[in-house]
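Notes follow once the structure below has been shown.
The values are calculated or read from the model by the stated rules, or taken from the named source; none is laboratory data. These figures come from a predicted structure and were not determined experimentally. Neighbour counts are summed over all protein chains in view; Cβ atoms, including those assigned to glycine, are modelled from backbone coordinates with ideal geometry.
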Amino acid sequence: MKKKIIAYLALLIAFFSTGSLISMLYITFTTSELEKIISLHSVEILRQDLVIKIQNVEQDLLTVHTELSDRLDKIVLNVQDLDSAVDNCKKCHHSPLINQKLDRLRMHIDKFKSSLSYYITASADDERVRSLKMEAYNAASGLLDMTTEMASIANKRLQERTQKVIEQVKSVQQILVLTLLISLLIGLWISFRLTRNILNPVRQLMDVSRKIASGNLGSTTSYTDSTEFGELAASVNDMSLSLRESNQKILQNLSRLTGLYRLTLPLHSFSSVNEIIREVSFGVAEFLSVEQCGLLLLDHKSGYFEHAYPAFGLDETQAGFLRISQSEVLDLYHANNGKPLIINNLPESGLTEEIAGKDGWAAHNLLFGWVRPKGTLTGVIRLANRRDGEFDEESNRLLGIISNNVSVAIENAQLHEDLRLQMQELKEAQEQLVQTAKLAAIGELASYVAHEINNPLTSILGYAELIKDESNLENIMRDVEIITNESFRARDIVQQLLEFARRRPLNMQEIDINSILKDVVSLIRVQVKDPKIQLHETYAELPLIMGDPNQLKQVFLNIMKNAVDSLSENGGEITIRTSRNSAQAVIEIADTGHGIPPDVLPRIFEPFFTTKREKGTGLGLPISYKIIEAHQGKIEVKNRTDRGTVFRIFLPLMR
Ligand SMILES: Nc1ncnc2c1ncn2[C@@H]1O[C@H](COP(=O)(O)OP(=O)(O)OP(=O)(O)O)[C@@H](O)[C@H]1O
Ligand SMILES: [Mg+2]
């Protein structure tokens, strides 16, 4: 573009200079012509001077021999002037023709002078004077004619020259106007061309820049030329294409990373190696686009890495056929410095059929990734037959990342499995312990139960014996009532014991916890006759929950009974309140009784722990705890700061 601008300016300057030069030449020439005209005008003045002098001399002729003859000196002076006028003319003209004419003029003047001299000096006779006068006069007339002729020639030439100069001035004018006009037009044309040459590429470059800025990477401009704009356009095109290429690479990497993320993320949530085997086989096969994919795991007994099943692209028999000895795996692993191993030159590699496969499912290229949970090589990811060509560094790198993830996932799964087994063992041991403790407790209780049941039985037997001999109906009825009461007591003891020992299945159904509580409270109200004990109820609106209504009733009854027991001496209040938090119904049973001493508190859920001696079995709270636990709920107890105890039961709401 710089060259173009310089070329255009050079053209403009060249044209303008040429026009100016021509005009200058014309002006110079015209000026010299004008000088000549001016000199011609001087000649004209000289000529007129000459004519005047001749006329003066001619007039002087008339004065000779008259009373005016005293002016002779003036005549002589005039003749001398005439001489000097001719001399002046002579000084200027150099052309031979003019010089010739001037010479002739000089001759005439000389002739006139001699005629005049004869005339002036003549005095003899009048006739002679007159003839001399005429002679002089004729000479003067000839002189005048000659001068006039010369003047006419000079005038003609003057006119011709003037005409020529006027034409030249006009030409100069035209040349100047033309030069200016054409310079203006060239200037306009150059401006137009330059504007177009600059605006066109700028517009195209702006278009492509806008497209690139709006995310249309790879947009190019078709503008080409050899100027800086052409270079800029080529650079913008290169930049746009390389941006598109980089963007495509970034997108490709992003999609690979996303694929990798999607593939590896679930691996870490699997808790069993089988789930990992399935995910690796099918997920990696799709991600790296291969025909066969699976995991070979070390069988410590056989010392072989056996191909696990399910495997992508292999049936169970084919997977079962594939195996690699531990030593061979270690050789391959170490030979490749622990990096995934690419074998693209099958079958020349010399690998056995047990690794490469055979018949129609034989691999023609292979990629191995090493699985090393806790740093021990115990697995090999086997990929065979890449769909879109051979395995390359990229697939190698990706399998490296996948293998590391699989190693960690297997490690986690093994940890999880170990933990699960330990938990199961612990649970079994715990259950065993509880059962043993229960049995021990039941054994311990047996004597108590025997004693407890023995007492009512002894009474029952005793009163039964008395009835045999009793004839008084009133006495019989009193004894029967005692027998009945003692029988109930014995039944209660047995029932409580059974309740704790037996595992009753839950009869789960949708229940309204408020109405269950209301039933229990009304039952308690019937039993509590003491006016010093007051019951308060506050129920919040609760959604239905899943639960066994009878077992929950038993829980609430046990806790409320304990509350009543705690108030038996001094009376007080029992407050039943329901509420809810985000996921649970909360049942609160608070009393203002004697509270639970700190040393007793940790033991209240122990079976058969009671502070009520023969009045309690110590099974109420342990049974309640078991029931709430079976409902996926929670039971907590707190001694109130003032006085009394608060039990809170949390039961999950239905989702
Ligand atoms: N509200 C309470 N106030 C004070 N102490 C309590 C309260 N609830 C429970 N306890 C203490 O916890 C012990 C165990 O209670 P639990 O209900 O298991 O057995 P129990 O009431 O003694 O006998 P059972 O309920 O079998 O007749 C009680 O003996 C008592 O000492
Ligand atoms: Mg109790």
Residues (within 16 Å of ligand 2 (Cβ to nearest atom) and crowded, with 19+ Cβ neighbours inside 10 Å) located in region 629-650: 635, 644, 645, 647, 649
Odd one out for residue 304, checked against (1) modelled with pLDDT under 95; (2) surrounded by 15 or more Cβ atoms within 10 Å (Cβ to Cβ): (1)
Per-region count, region 373-395, residues closer than 20 Å to residue 409 by Cα, surrounded by 18 or more Cβ atoms within 10 Å (Cβ to Cβ) and of a type in the set (D, E, K, R): 1
Filter pass, residue 534 being within 16 Å of ligand 2 (Cβ to nearest atom), surrounded by fewer than 17 Cβ atoms within 10 Å (Cβ to Cβ) and not charged (D, E, K, R): no
Members of region 601-611 that are hydrophobic (A, V, I, L, M, F, W, C) and within 13 Å of ligand 2 (Cβ to nearest atom): 604, 605, 608, 609
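Can you spot a residue in region 133-141 that is more than 60 Å from the chain's Cα centre (by Cα) and not in a helix (DSSP H, G or I)?
From region 133-141, those more than 60 Å from the chain's Cα centre (by Cα) are 133-141; that's our starting set.
In the following step, the residues that additionally are not in a helix (DSSP H, G or I) were identified as none.
Within region 133-141 (the criterion being more than 60 Å from the chain's Cα centre (by Cα) and not in a helix (DSSP H, G or I)), the answer is no, since none of the residues qualifies.
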All strands (runs of 3 or more DSSP E) inside region 569-655 with 2 or more residues being near ligand 1 (Cβ under 10 Å from one of its atoms): 584-591, 634-639, 645-652
Test for residue 193: is it crowded, with 16+ Cβ neighbours inside 10 Å and either in a helix (DSSP H, G or I) or touching a strand residue (DSSP E or B) at 6+ places or on another chain (Cβ under 7 Å) (or both): no
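Keeping to region 143-154, report how many residues are surrounded by 15 or more Cβ atoms within 10 Å (Cβ to Cβ) and of a type outside the set (Val, Ile, Thr). Don't jump to the end; show me each part of the working.
Step one: list which residues in region 143-154 are surrounded by 15 or more Cβ atoms within 10 Å (Cβ to Cβ), which gives 143-144, 146-147, 150-151, 154.
Now restrict to residues that are of a type outside the set (Val, Ile, Thr): 143-144, 146, 150-151, 154.
Within region 143-154, residues that are surrounded by 15 or more Cβ atoms within 10 Å (Cβ to Cβ) and of a type outside the set (Val, Ile, Thr) number 6.
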Residues satisfying the stated conditions in region 1-20, i.e. over 19 Å from residue 185 (Cβ atoms) and either loosely packed, with under 13 Cβ neighbours inside 10 Å or among the charged types (D, E, K, R) (or both): 2, 3, 6
Enumeration of residues in region 561-587 that are surrounded by fewer than 17 Cβ atoms within 10 Å (Cβ to Cβ) and under 60 Å from the mean Cα position of the chain (by Cα): 579, 581, 582, 583
Top-ranked residue of region 317-350 - restricted to ones that are in a loop (DSSP other than H, G, I, E, B) and crowded, with 18+ Cβ neighbours inside 10 Å, ranked as modelled with the lowest pLDDT: 346
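I'd like to check something: does region 521-528 contain any residue that is over 20 Å from residue 645 (Cα atoms), within 16 Å of ligand 2 (Cβ to nearest atom) and surrounded by fewer than 18 Cβ atoms within 10 Å (Cβ to Cβ)? Even if it seems obvious, please write down each step before you answer.
Initially, region 521-528 is screened for residues over 20 Å from residue 645 (Cα atoms), giving 522-523, 526-527.
With within 16 Å of ligand 2 (Cβ to nearest atom) added as a condition, the list becomes 523, 527.
Next, from what is left, pick out any that are surrounded by fewer than 18 Cβ atoms within 10 Å (Cβ to Cβ): 523, 527.
The answer is yes; a qualifying residue exists.
Go over the candidates 574, 559 one by one and state the one that is in contact with a helix residue (DSSP H, G or I) (Cβ under 6 Å, 6 or more places away or on another chain), within 16 Å of ligand 2 (Cβ to nearest atom), within 24 Å of residue 643 (Cβ to Cβ) and β-branched (Val, Ile, Thr). Before you say what the answer is, go through the steps one by one.
Details: 559 fails: in contact with a helix residue (DSSP H, G or I) (Cβ under 6 Å, 6 or more places away or on another chain).
Testing whether each residue is in contact with a helix residue (DSSP H, G or I) (Cβ under 6 Å, 6 or more places away or on another chain), within 16 Å of ligand 2 (Cβ to nearest atom), within 24 Å of residue 643 (Cβ to Cβ) and β-branched (Val, Ile, Thr) leaves just 574.
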Checking residue 553 against (1) away from ligand 2 (no atom under 16 Å from the Cβ); (2) closer than 23 Å to residue 651 by Cβ; (3) of a type in the set (D, E, K, R), the condition it does not meet: (1)
Subset tally (residues that are loosely packed, with under 13 Cβ neighbours inside 10 Å and either more than 24 Å from residue 398 (Cβ to Cβ) or more than 14 Å from the chain's Cα centre (by Cα) (or both)) for region 236-247: 3
Count - residues of region 588-601 that are closer than 24 Å to residue 632 by Cβ and surrounded by fewer than 18 Cβ atoms within 10 Å (Cβ to Cβ): 1
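Name the one entry in 546, 560 that is closer than 21 Å to residue 626 by Cβ and either without any contact (Cβ under 8 Å) to a residue 60 or more places away in the chain or part of a loop (DSSP other than H, G, I, E, B) (or both).
Working: 546 fails: either without any contact (Cβ under 8 Å) to a residue 60 or more places away in the chain or part of a loop (DSSP other than H, G, I, E, B) (or both).
None of the other options fit; the residue is 560.
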Verdict on residue 54 being surrounded by 13 or more Cβ atoms within 10 Å (Cβ to Cβ), modelled with pLDDT of 75 or more and not aromatic (Phe, Trp, Tyr): no
Number of positions in region 612-638 that are in contact (Cβ under 8 Å) with a residue 40 or more places away in the chain and of a type in the set (Asp, Glu): 1
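From 596, 589, which residue is within 16 Å of ligand 2 (Cβ to nearest atom) and under 17 Å from residue 542 (Cα atoms)? It would help to see each step written out before you state the result.
Working: 596 fails: under 17 Å from residue 542 (Cα atoms).
Matching residue, one of 596, 589: 589.
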